[in-house]
Every structure is written in structure tokens, then in C-alpha cells.
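Novice: Questions regarding the structure given below will be posed in turn.
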Amino acid sequence: MARPITSFALPAADQAALENFTRTGCRPVRGMRRAQALLALATGIGQQAAGKAVGLRRQTVRELRRRYEAGDWQFALTEAPRSGTPRASTARNALLSQR
């Protein structure tokens, strides 16, 4: 038996900000998909359907929703820091950055 869909509502200001985010500027693909998933959830479809609509897994949409509810839409769209040491700069990258 399928789980019931829990309601998810976006305040009008957040919905307008997310729509603006998806329509303007050059944005990272991950951020765009996350914003589209939040907008899809606000229409009343479930997490699995929202994920399928934008190309994300259900678990990713669930985590995105949890992050939105814990913070705001900007917090939900940002990525958590990766574990491990940052990439070391190579000589080639240094030359490219000087151009």
C-alpha cells in the first residue's frame, strides 16, 4: 500500500523567489533541479513524482524538503560541504587562472 502524500506548502514569497531563481541567470544544474523539485512539491504531487519530474531520486527530494523545513529555500538549494581534503591546485590550473 502506498504512503499517503503529506501536504507541503510554500509561502507566496518563497514560491516567487524560487520561480525567479529558475527563470533568470546562469545557475548550477543541481540548484535548478532542487528549486524545480520544491515547486513541484508545492503543487501537491508526492516526493516520488516530484523527483521523477525533475530527474532526482525520491530520497533526494525528501532530504531537500527536510532542509527547506529546517531553514529556507536558499539553505535547501545549497550543497553541504564535502568530506575530505579540498582538491590541490595544479600547475595547469594556476596557469589558467592567470589568463
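Novice: For the range 70-83, what does the Karplus curve 6.51 cos²θ - 1.76 cosθ + 1.60, with θ = phi - 60°, yield as ³J(HN,Hα) per residue in whole Hz, taken in order and with x for Gly and Pro?
Specialist: So the Karplus estimates, Gly and Pro as x, are 7, x, 9, 5, 5, 5, 5, 7, 7, 8, 6, x, 7, 7 Hz.
Novice: With θ set to phi - 60° and the Karplus curve 6.51 cos²θ - 1.76 cosθ + 1.60, what are the ³J(HN,Hα) couplings of the range 22-37 in order, to the nearest whole Hz, using x for Gly and Pro?
Specialist: 6, 9, 10, x, 9, 10, x, 4, 4, x, 5, 5, 5, 5, 5, 5
Novice: What trypsin sites (Lys or Arg not before Pro) in the range 18-90 are in a loop by DSSP, with at most 13 other Cβ atoms within 10 Å of the Cβ?
Specialist: Values: sites: 23, 30, 33, 34, 52, 57, 58, 62, 65, 66, 67, 82, 87; in loops: 57, 82, 87.
Taking the range 18-90 and a limit of 13 other Cβ atoms within 10 Å, the loop trypsin sites (Lys or Arg not before Pro) found are 57, 82, 87.
Novice: Across bins of 5 angstrom width beginning at 0, how are the C-alpha pair distances of the range 12-77 distributed, in whole percent?
Specialist: Histogram of Cα-Cα distances, whole percents per bin: 4, 20, 33, 28, 14, 2.
We did not get these values from a lab; they are worked out from the coordinates using the rules stated. Because the structure is predicted, anything quoted here is derived from the model rather than measured. With ideal geometry, Cβ positions are generated from the backbone for all residues, glycine too; neighbour counts draw on all protein chains shown.
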